[in-house]
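A short worksheet on the structure shown next.
The values are calculated or read from the model by the stated rules, or taken from the named source; none is laboratory data. Since we're looking at a predicted model, the values are computed, not measured. In this analysis, Cβ positions are derived from the backbone assuming ideal geometry, glycine residues included, and neighbour counts consider all displayed protein chains.
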Amino acid sequence: MAVWRILIGGFTTAIFHAFSQETPQVIFSPPLATLPRMPGSESHLYDQAISLMAVGDLLMGGSALQVIQREGADYPFDSTRHILSSADLTTANLEAPFTSGGTPFDKTYTFRVPPPFASSLLPAGFDVLTLANNHILDFGPEGLHSTLNTLDSLGIATCGAGRNAKEAEQGVILKKGRWRIGFLAYSLTFPTEFWATDSSSGTAYPRSPCVRQTIQEMSEQVDLLVVAFHWGGELKADPKPYQRQYAHRAIDWGADLIIGHHPHVLQGMELYRDRLIAYSLGNFVFGSYSRNARDSIILRVRYDRLGLLYAEIIPISVFNLEVQFQPRLLRGKERDRVFGTLNVISKNLNNGRDILRPSGLITLD
């Protein structure tokens, strides 16, 4: 059901400083029933809005390794930490394993990141990382298991990969205040050997009808469901038809927000059934000097019990020849250029409609 919103001047700026900084509680299985409305003051707490923030691919290895070793593990987040930590929950796609061991897989590019680097993620604001991608098993099951253990020791939740298909596909539920937020993640990228099976570690592949059942069941257990997909063509601004099909079906089955990764560049945004689809957020901290991956965004979304209040696009530069693996906020004409580009590539996904306001907001009006 469409919800009409009126954004009053200064409102969005003011609320950015009002988000709760309470540490989210991670809730795993068994499944939890949706909380009932509570009387009195607790009812107000239950009905409060919640903010989520998402960034793109996170890879603190590769060409970034020497820079981070020299500058320190906190260095990549020094320009964005104040934003990332302002949301109730913040997520990214972890594009390489935290491991010092394992055997490299036989493919062109393999990455791994020293496990001590992971210590910077919690103070940077990250609460949950998706692992469903084409690099998390670059150093085999040992690398994946090391990653799971490292992040678990830090209290950072994960989803999208596991020691078998059941574990990889089960997702994670986080509790924040009186909200329960579910996260699921799937990879549609090669190599297929990275996809988990009943007897092997790997990433969650959206197998039918399993993916439908998983989304439907989790949507009944949570107040808000986020589904992430690793998909699409590298360096392609337009989503492929199958991306739209998966995104629409996931929403039809109960997802509230779709977040995409893998192309390394921005793809368009779509509003479908009053739910937001971000087909690709581009790179975030990424260990490559690619000249093609220059612009990216931080996505901030805010919800109340009726649904999406707004989404805010925060443009950043990830052109590492200039920012040296520390994403920087874009301002002025450069920020407006990203708004314009993103709006143009989004129009075809929204029947020619401009959904992105000049201020960088997406609303349901």
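I'd like to check something: does the range 269-284 contain any residue that is farther than 21 Å from Leu321 by Cβ, of a type in the set (Lys, Arg), touching a residue at least 60 places away in the same chain (Cβ under 8 Å) and not in a loop (DSSP other than H, G, I, E, B)? Looking for residues that are farther than 21 Å from Leu321 by Cβ, of a type in the set (Lys, Arg), touching a residue at least 60 places away in the same chain (Cβ under 8 Å) and not in a loop (DSSP other than H, G, I, E, B), one finds none in the range 269-284, hence no. Where residues in the range 73-105 are of a type in the set (D, E, K, R) and under 26 Å from Val227 (Cα atoms), which of them is surrounded by the fewest Cβ atoms within 10 Å (Cβ to Cβ)? If we take residues in the range 73-105 being of a type in the set (D, E, K, R) and under 26 Å from Val227 (Cα atoms), then Arg81 is surrounded by the fewest Cβ atoms within 10 Å (Cβ to Cβ).
Considering the range 214-228 alone, what residues qualify as being acidic (Asp, Glu) and either farther than 19 Å from Gly162 by Cβ or not in a helix (DSSP H, G or I) (or both)? Glu220, Asp223 - these are the residues of the range 214-228 that are acidic (Asp, Glu) and either farther than 19 Å from Gly162 by Cβ or not in a helix (DSSP H, G or I) (or both). Taken over the range 325-365, the residue count meeting the criterion of being under 24 Å from Ser86 (Cβ atoms) and either at pLDDT below 95 or not acidic (Asp, Glu) (or both) is 22.
Residues checked against (1) surrounded by fewer than 24 Cβ atoms within 10 Å (Cβ to Cβ); (2) touching a residue at least 12 places away in the same chain (Cβ under 8 Å); (3) among the hydroxyl-bearing types (Ser, Thr, Tyr):
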{"residue": "Val222", "(1), (2), (3)": "no, yes, no"}
{"residue": "Lys240", "(1), (2), (3)": "yes, no, no"}
{"residue": "His261", "(1), (2), (3)": "no, yes, no"}
{"residue": "Ile298", "(1), (2), (3)": "yes, yes, no"}
{"residue": "Pro315", "(1), (2), (3)": "yes, yes, no"}
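Say whether the condition of being among the small types (Gly, Ala, Ser) and in contact (Cβ under 8 Å) with a residue 24 or more places away in the chain is met by at least one residue in the range 208-217. The answer is no, given that none of the residues of the range 208-217 is among the small types (Gly, Ala, Ser) and in contact (Cβ under 8 Å) with a residue 24 or more places away in the chain.
Each row is one residue, and each column tells you yes or no for (1) under 23 Å from Phe284 (Cβ atoms); (2) among the charged types (D, E, K, R).
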position	(1), (2)
Thr192	no, no
Trp195	no, no
Gly202	no, no
Pro206	no, no
Gln221	no, no
Val226	yes, no
His262	yes, no
Glu270	yes, yes
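Which of the following residues is out of contact with any Ser or Thr (no Cβ under 8 Å at 6 or more places or on another chain), among the hydrophobic types (A, V, I, L, M, F, W, C) and within 30 Å of Ile68 (Cβ to Cβ): Ala250, Ala293? Ala293 is the lone residue from the list that is out of contact with any Ser or Thr (no Cβ under 8 Å at 6 or more places or on another chain), among the hydrophobic types (A, V, I, L, M, F, W, C) and within 30 Å of Ile68 (Cβ to Cβ).
Scan the range 217-236 and give yes if some residue there is farther than 26 Å from Ser296 by Cα and of a type in the set (A, V, I, L, M, F, W, C), otherwise no. There is at least one residue in the range 217-236 that is farther than 26 Å from Ser296 by Cα and of a type in the set (A, V, I, L, M, F, W, C). Considered as a group, the residues in the range 73-110 that are among the charged types (D, E, K, R) and in a loop (DSSP other than H, G, I, E, B) include one that is nearest to His135 (Cα to Cα), and that residue is Glu95.
In the range 119-213, counting only strands (runs of 3 or more DSSP E) that sit wholly within it, the ones holding 3 or more residues that are surrounded by fewer than 24 Cβ atoms within 10 Å (Cβ to Cβ) span 172-176. Only a single criterion out of (1) surrounded by fewer than 21 Cβ atoms within 10 Å (Cβ to Cβ); (2) aromatic (Phe, Trp, Tyr); (3) in contact with a helix residue (DSSP H, G or I) (Cβ under 9 Å, 6 or more places away or on another chain) is not satisfied by Phe339, namely (3).
Residue by residue, here is whether (1) under 18 Å from Leu89 (Cβ atoms); (2) in contact with a Phe, Trp or Tyr (Cβ under 9 Å, 6 or more places away or on another chain) holds:
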{"position": "Ser153", "(1), (2)": "no, no"}
{"position": "Cys159", "(1), (2)": "yes, yes"}
{"position": "Glu167", "(1), (2)": "no, no"}
{"position": "Gly171", "(1), (2)": "yes, yes"}
{"position": "Trp179", "(1), (2)": "yes, yes"}
{"position": "Ala185", "(1), (2)": "yes, yes"}
{"position": "Pro206", "(1), (2)": "no, yes"}
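Only one of the numbered conditions (1) surrounded by fewer than 23 Cβ atoms within 10 Å (Cβ to Cβ); (2) at pLDDT 95 or above; (3) polar (S, T, N, Q); (4) out of contact with any Pro (no Cβ under 7 Å at 6 or more places or on another chain) is violated by Asn320, and that is (1).
Scanning the range 106-115 finds one or more residues that are aromatic (Phe, Trp, Tyr), closer than 24 Å to Leu281 by Cα and surrounded by fewer than 24 Cβ atoms within 10 Å (Cβ to Cβ).
Evaluated against (1) in a strand (DSSP E or B); (2) surrounded by fewer than 17 Cβ atoms within 10 Å (Cβ to Cβ); (3) charged (D, E, K, R), Glu234 falls short on exactly one condition, (1).
Counting the residues of the range 286-304 that are hydroxyl-bearing (Ser, Thr, Tyr), at pLDDT 95 or above and not in a strand (DSSP E or B) gives 2.
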